[in-house]
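Peer 1: One structure, pasted below without further comment.
The values are calculated or read from the model by the stated rules, or taken from the named source; none is laboratory data. None of the values given here were measured: they were computed from a predicted structure. Positions of Cβ are generated from backbone atoms using ideal geometry, with glycine treated the same way; all protein chains shown enter the neighbour counts.
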Amino acid sequence: MHPSHSPAGRLTALGTQLIEIHHWLREELARLRAGLDSPGEAGVGLSRELRAHCVGFCAALDRHHTGEDAGAFRVLAERLPELRPVLAELSADHRVVADILRRVEALLTEAADRRSVRAELDGLAALLESHFSYEEKKLFAALAALPGGTAEELFGVPEPGRR
């Protein structure tokens with residue numbers, strides 16, 4: 001078996017994928033927040049494009065956290081019971097993030113001003129930075145140290161080529 005295909009290699013790759021997803025979400029949130037600062041429309045409602053980007057970002061972040069709670073976190077809690085307190089904290093963060101996303105979506109529906117949306121996104125950015133850093137620190141090491149296991153066992157998804 002090629003070293004990159006060993007169980008530990010696959011798990012390290014899963015941890016790396018987690019970090020890559022978080023990096024992409026951070027970039028998208030930064031782009032969204034920068035869009036709120038764009039000149040020409042300050043103080044007025046959000047443009048259709050900016051609203052669409054915001055809705056898309058909110059949906060992507062919600063899918064990511066819902067997937068973690070239903071998949072990876074459940075499996076990690078079964079396999080590594082000592083991680084349960086960490087996973088519970090991360091899931092609690094997911095609920096707070098979901099509340100913020102609902103508030104952002106309500107502001108978009110109400111055609112709120114940029115300042116209101118910006119305040120929610122600034123709070124979201126602070127929470128997510130802390131959340132992502134903590135999750136990466138705690139789960140990357142757990143995935144890398146987990147003995148054996150496949151992507152299908154851990155995340156309910158068969159490995160490529162094993163369908």
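Peer 1: Please determine, by comparing only the residues of region 110-163 that are surrounded by fewer than 15 Cβ atoms within 10 Å (Cβ to Cβ) and β-branched (Val, Ile, Thr), which one is modelled with the highest pLDDT.
Peer 2: Ranking the qualifying residues of region 110-163, first place goes to THR150.
Peer 1: Give just the number: which of (1) assigned to a helix (DSSP H, G or I); (2) touching a residue at least 12 places away in the same chain (Cβ under 8 Å) does ALA111 not satisfy?
Peer 2: Result: ALA111 fails condition (1) only.
Peer 1: Between a first residue in region 47-67 that is free of Cβ contacts under 8 Å to residues at least 24 places away in the same chain and farther than 15 Å from ARG95 by Cβ and a second residue that is surrounded by 12 or more Cβ atoms within 10 Å (Cβ to Cβ) and of a type in the set (Ser, Thr, Tyr), which pairs have beta carbons less than 6 Å apart while being 6 or more apart in sequence or on different chains?
Peer 2: Pairs that qualify, where the first residue is free of Cβ contacts under 8 Å to residues at least 24 places away in the same chain and farther than 15 Å from ARG95 by Cβ and the partner is surrounded by 12 or more Cβ atoms within 10 Å (Cβ to Cβ) and of a type in the set (Ser, Thr, Tyr): there are none.
Peer 1: Can you confirm whether region 2-19 contains a residue that is modelled with pLDDT of 85 or more and surrounded by 16 or more Cβ atoms within 10 Å (Cβ to Cβ)?
Peer 2: No, every residue in region 2-19 fails to be modelled with pLDDT of 85 or more and surrounded by 16 or more Cβ atoms within 10 Å (Cβ to Cβ).
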